[in-house]
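What follows is one structure encoded as structure tokens, with my remarks underneath.
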Amino acid sequence: MSQQTPGKKRGLSRPVEVVRAELLKDPETKRIADAVGMKLEDYVELVLEYAQDKDKEPMLNVVSDEELKANGFPVHTVEEVGEFLVAGAKGELPGQGNPFAKSGFEVSKGGAGKPSLNPAGEAPKAPEDEAKRQELMDQLKKGGGGTRG
């Protein structure tokens, strides 16, 4: 484990100005800023603040439901929060899209250009010889892999 000198911040390895410019140009950063209800510039500065000091802990404000209501914020039930978390995990939140749709593992027509265990596109066939089929079934039941030569 590396030793940290006291008072030295662990942070960016590149100049702040370069990282700031990249974040301001990045469409994903803009999407996140919009999603959290912040101006892009303010969001980028907040990201940079934490990026420059990896040991900085985020602030967390805990307020009562009554205080939230008094300040015009909606108060959600435990069930609503649970449904929100499940929707987030499934990728069903607005603007989130389906994270699995980008995986590239979608089956295309004919499977062109994608590796396949069945290159001709046909389903694997069971042995037609009944004795051979029974031998394979017995190996499965025993958990064996058959003879090795």
Identify, by number, the condition in (1) modelled with pLDDT of 90 or more; (2) out of contact with any helix residue (DSSP H, G or I) (no Cβ under 9 Å at 6 or more places or on another chain); (3) among the aliphatic types (A, V, I, L, M); (4) open to solvent by 60 Å² or more (accessible area, probe 1.4 Å) that residue 24 doesn't meet. (2)
Looking only at region 1-21, count how many residues are in a loop (DSSP other than H, G, I, E, B), modelled with pLDDT of 55 or more and over 18 Å from residue 56 (Cα atoms). 2
If we ask which residues in region 17-46 are of a type in the set (A, V, I, L, M) and farther than 22 Å from residue 94 by Cβ, their number turns out to be 7
For region 49-92 the number of residues that are outside any helix (DSSP H, G or I), surrounded by 10 or more Cβ atoms within 10 Å (Cβ to Cβ) and without any contact (Cβ under 8 Å) to a residue 40 or more places away in the chain is 7
Members of region 27-48 found to be part of a helix (DSSP H, G or I) and either open to solvent by 90 Å² or more (accessible area, probe 1.4 Å) or not hydrophobic (A, V, I, L, M, F, W, C) (or both), listed by number: 27, 28, 29, 30, 31, 34, 41, 42, 43, 45
Residue satisfying condition, being part of a helix (DSSP H, G or I) and either over 23 Å from residue 35 (Cβ atoms) or at pLDDT below 85 (or both), within set 131, 123: 131
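The values are calculated or read from the model by the stated rules, or taken from the named source; none is laboratory data. None of these values were measured; they are calculated from a predicted model. Note: ideal-geometry Cβ built from the backbone for every residue, glycine included; neighbour counts use all protein chains shown. Note: accessible area is taken over every heavy atom of the protein model, side chains too, but ligands, DNA and RNA are not part of it. Shrake-Rupley method; radii C 1.70, N 1.55, O 1.52, S 1.80 Å.
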